[in-house]
Amino acid sequence: MTARDPRRSLPQVDALVREVAPDGLPHAVVVDAVRTVVAAARKRARRSHAVPSHTEMLAMANDELARRRRALLRPVINATGVIIHTNLGRAPLSERAIQAVADVARGYSNLEWDAEHGRRGDRFAHVEPLLAMLCGAEAALVVNNNAAAVLLVCAALGAGKEVIVSRGELIEIGGEFRIPDVLAQSGATLREVGTTNRTRAADYEKAVGNETAFLLKVHPSNYRVVGFTTAASTEDLARIAHARKVPLVFDVGSGLVTRELADEPLVQRAVDDGADLVCFSGDKLFGGPQAGVVAGKADLIAPLRKHPLLRALRPDKMQLAALGATVVEHLERAEEVPVWRMIAASPDDIAKRAKRLVRELAGAGYEAEAVPGESVTGGGSLPGEGIPTTLVRVRHAALKPKAIAAGLRAAEVPVAVRVDDGAVIVDLRTVFTHQEKDVHQAFRSLT
């Protein structure tokens, strides 16, 4: 570097650190961000022989810090109308569940301590009896998600044997995870029967043999095959399985326990119809934290408890606390579970809120109108089933819809919206009432 090298004018890292706005970020992160910016400027100067001004360097450092702040896990306002939004954390927890998590997180708990006898306890004992009661099952087991539940069942009951499943139910769930891949990891061999659109009970019956571990039924929760279709009922599969002395395992997916909803299978009905084990998610229609539940026959759940994989798949104290509180909500007043409160929200109430937002946005210079539309359950539940709602369509003379959406995402509390047909779409069904002022502020900040 020569005496006249422009890179000599770049600010020292320490000096720039003292000038930036850390806004709560740890000092080590601030220093690393500033070093990154200075190094990038030095590299560009090596090629162009020009360096940013001090003011530009300060702005670049603050932009880098803002980018790192945005990358942290933080609250987001869901104004998309997708109730179980996988990218936004799926189901929001009830106040009871939030309090339960806080209570066990801020100190010690009886996670694995039997207070009555003063000895080691069982972490699963706090939740599973209530879960079994709710599901109408003999026993239940909790793991950290539904894919883990299916994996554990297949590993404990099917390793080295065949699992019979319909070709029409070899689904791919979120994150490119596929049922055949889960089965392969368990050590079980997949035995496909039927076709993509038609699988009869007789197809399963023909396939059962000495190597059969169990029959697997999978609810295709994130798509729907219509037209020339046939699927074997739970009752028919249970009759076949029990006649051949093998279990029937039903992966119902979304965890519907409160009420019947379109074609979504009810956990209790699956048990009543003869499924020996039922697997489902805790954070979809069940409305709780990420978790996987296996409910059913006690003698089949017993080997799951003893399997080495359970140690790797078990839930932590906060998952169990939130799940237990959500089970209590379902047993006492399911309408307090936020997912169900959103699903059952009054159309008139949503329309009134939408009209208030229209007036608010008009005062901020936007063109806004309330129009009829549909919310969706999301999370791989009820594909193709919309819920009537009132949408707010938003435009601005000087701002394109994508620019508005980007600005809302960059707000102090990010707001997720949809962009459709040349307008920003806001659905207040998934916006909590106390969040409305933040939505107003986010829009106003752009004008």
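The values are calculated or read from the model by the stated rules, or taken from the named source; none is laboratory data. Note that the structure is predicted; figures quoted are calculated from it, not measured. Please note: Cβ atoms are built from the backbone with ideal geometry, for glycine as well, and neighbour counts cover all protein chains shown.
Assessment of segment 422-431 against the conditions (free of Cβ contacts under 8 Å to residues at least 24 places away in the same chain, surrounded by fewer than 20 Cβ atoms within 10 Å (Cβ to Cβ) and not assigned by TED's automatic domain parsing to the domain that holds V252) yields no matching residue. Per the listing V419, V415, the residue uniquely under 30 Å from D63 (Cα atoms) and buried (at least 21 other Cβ atoms within 10 Å of the Cβ) is V415. When residues in segment 395-412 are screened for being in a loop (DSSP other than H, G, I, E, B) and loosely packed, with under 13 Cβ neighbours inside 10 Å, 3 of them pass.
Looking across D272, D263, one residue alone is surrounded by fewer than 17 Cβ atoms within 10 Å (Cβ to Cβ), in the same structural domain as K284 (by TED's automatic domain parsing), at pLDDT 95 or above and charged (D, E, K, R). It is D272. Here is a check on your reading of the model: is V37 at pLDDT below 90, surrounded by 19 or more Cβ atoms within 10 Å (Cβ to Cβ), farther than 30 Å from H330 by Cβ and not assigned by TED's automatic domain parsing to the domain that holds I425? Answer is no for this residue.
When you check R333 against the structure, is it free of Cβ contacts under 8 Å to residues at least 12 places away in the same chain and under 30 Å from T433 (Cα atoms), yes or no?
Spelling it out, R333 is indeed free of Cβ contacts under 8 Å to residues at least 12 places away in the same chain and under 30 Å from T433 (Cα atoms).
All conditions in (1) in contact (Cβ under 8 Å) with a residue 12 or more places away in the chain; (2) exposed (fewer than 15 other Cβ atoms within 10 Å of the Cβ); (3) of a type outside the set (G, A, S) hold for I343, with the sole exception of (2).
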